[in-house]
Amino acid sequence: MNGGGLRSVDDQVARVLARVAAPEPIELALLDAQGLLAAEQVTASAPLPGFDNSAMDGYAVHSADVAGARADSPVVLPVVGDVAAGARTVHSVGTGRCVRIMTGAPMPAGADAVVPVEDTDAGVARVSIRAPAEPGAYVRLVGEDVESGDVVLEPGTPVGPAQVGLLAAVGRERVLVRPRPRVVVISTGSELVDVGERAGPGEIIDANSYLLAAAARDGGAEVYRAGIVPDDKRRLLDLLDAQLARADLLITSGGVSMGAYDVVKEALREFGTMEFVKVAMQPGTPQGFGTLGERNTPVFCLPGNPVSALVSFEVFVRPAIRQMLGKRQLFRRTVEATVLESMRSPLGRRQFRRGLLHREDSGEYVVEPVGGPGSHLLASLSRANCLIVIDEPVSEVASGDRITVLPLLLSGG
Ligand code: AMP
Ligand code: MG
């Protein structure tokens, strides 16, 4: 806590991360595992390639037969067979003969090299070969990629396209991975209606459950919007109770300030390890966090202003989701940029301002604040591509100063 009774951002982040555990690994079909981290070691049960095969369309030969072949004195060989990729019959080829072969087709017994069709006259019954071939030329040997028993995937490796392809190649249909945490998002507020409904006098459309669900999905979660609850303690507790069964992480928005109807705080403060504090940041000062239910599900109670909600998500929830995914890099990488306008910030708090970051031709980053500090300004948030971070000890930033920026490369950016 600092002098104003506020908890520091870093302290709150550390408390959150200390409570958030990764869900148990699950086995998923290859394409469902894409983007997740492997949670097992996979070894190959067979070699890759599985048999010696040709790397080119051409002719399988005894290399000794074509050692003297030149453009001006070609070696002419009879073509005694034709093997295509997928051929099942085992060919063999004697000295002084050759077999026409396609890329990926099994090497005939006896042959030890392939002459690419480009070095021949492409003959069908007889072929004129214009270049020699080293023993082993254009032959892919059994096991040269993967030997039987080789490790093809280590735990902790991200399963990307190449890993998915390799797993398929070694015959694995499923793989054990760290699953996407199931994140349930709840909006609270008696003023809220769902999008598609008409907002009556004093009512507003719920933006936060969409915004937070999109942010959680962008962070790697599987998301569920559980809808809106009015400022009613009983109904909030009932909904939370029902959602705890499926949630690995729960997010609520609204109802955590000092107002008369801030029921999230009222309803949850006595439960489990839930704690409602003021954090030295702006926006997003009031924060609730703790765990609920038998599975110690982390619950984040974020303030209701959409900008406060998204900033709070970025600071506390996104790193928690990444920790659940098993990622090593929990925080976004920051960049240093030159700020193009002066700004003020309350001393002792970390201020997050919306900004537009771009890179000059010189390679230098510059950032321009977008909109004011007001935390209800959703349109300026949508024009921004970064958060400008004004650290706790700084109360004034002058145009031209270097400053830390958190690029918000949400999907599509
Ligand atoms: P609260 O944190 O509940 O005091 O809400 C602060 C402000 O955010 C109020 O102006 C609310 O109407 C607004 N707000 C709360 N929840 C939402 C939401 N789901 N979508 C949009 N605005 C909201
Ligand atoms: Mg409210």
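What follows draws every value from the coordinates through simple rules; no lab data is involved. These numbers were taken from a predicted model, which means no experiment stands behind them. No Cβ is skipped: glycine too gets one built from the backbone with ideal geometry, and neighbour counts run over all protein chains shown.
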Report summary line: Ordered by fewest other Cβ atoms within 10 Å, a rough proxy for footprinting exposure, 121, 232 read 121, 232
Report task. Please work out the FRET efficiency for the pair residue 131 and residue 329, using the Cβ-Cβ distance as r and a Förster radius of 56 Å; give the result to the nearest 0.05. Result -> 0.65
Query - Simple label model, 7 Å out from Cα along Cβ direction - residue 190 to residue 273, nm - result: 3.4 nm
Query raised in the report: Given labels modelled 7 Å from the Cα in the Cβ direction, how far is it in nm from residue 237 to residue 95?
Result: 9.4 nm
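Hey, what did the chain get for relative contact order, percent, Cα under 8 Å, at least 6 apart?
In percent, rounded to a whole number, it is 15.
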Report task. Run down the lysines and flag those whose C-alpha is under 25 Å from the C-alpha of residue 265, throwing out any fewer than 8 positions away in its chain. Result -> 233, 278
Report summary line: In nanometres, the difference between 0.36 nm per residue of separation and the alpha-carbon distance of residue 246 and residue 401 is 51.1 nm
Query raised in the report: Given 337, 377, 365, which one lies farthest toward the positive end of the charge dipole of segment 335-378, if we put +1 on the Cβ of every Lys and Arg and -1 on the Cβ of every Asp and Glu?
Result: 377
Query - Amide proton proximity set for residue 150, modelled H, under 5 Å, gap of 5+ - result: 44
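Between residue 103 and residue 80, what is the FRET efficiency for a Förster distance of 25 Å, r being their Cβ-Cβ separation, to the nearest 0.05? All intermediate terms of the calculation are to be shown ahead of the outcome.
On the way: r = 20 Å, r/R0 = 0.79.
With R0 = 25 Å, the Cβ-Cβ based efficiency is 0.80.
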Requested in this report: Would you work out the charge dipole size for segment 248-402 about its Cα centre, treating the Cβ of every Lys and Arg as +1 and the Cβ of every Asp and Glu as -1, and quote it to the nearest 20 debye?
Outcome: 320 debye
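Assuming 0.36 nm per residue, please report the length gained on full extension of the stretch residue 169 to residue 19 beyond their Cα-Cα distance. The partial results should precede the final answer.
On the way: separation 150, 0.36 × 150 = 54.00 nm, distance 3.93 nm.
Full extension from residue 169 to residue 19 adds 50.1 nm.
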Report task. Return the FRET efficiency for the residue pair residue 341, residue 364: r is the Cβ-Cβ distance, R0 is 22 Å, and the value is rounded to the nearest 0.05. Result -> 0.85
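Could you work out how much longer the chain between residue 210 and residue 29 gets when fully extended? Use 0.36 nm per residue separation minus the Cα distance between them, nm to one decimal.
Details: separation 181, 0.36 × 181 = 65.16 nm, distance 2.84 nm.
So the extension gain works out to 62.3 nm.
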Query raised in the report: Using +1 on the beta carbon of Lys and Arg, -1 on that of Asp and Glu, and nothing else charged, what's the dipole of the chain about the Cα centre, debye to 20?
Result: 800 debye
Query raised in the report: Could you give the nm distance between label points at residue 383 and residue 198, where each point is 7 Å from its Cα heading toward the beta carbon?
Result: 3.2 nm
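Based on DSSP H runs of at least 4 residues, each adding -39500 (n - 2.57), what is the mean residue ellipticity at 222 nm of the chain after dividing by all its residues, to the nearest 500 deg cm²/dmol? Provide the component values of the computation, followed by the final result.
Details: 9 runs with 73 residues, N = 413.
Estimated from H runs of four or more residues: -5000 deg cm²/dmol.
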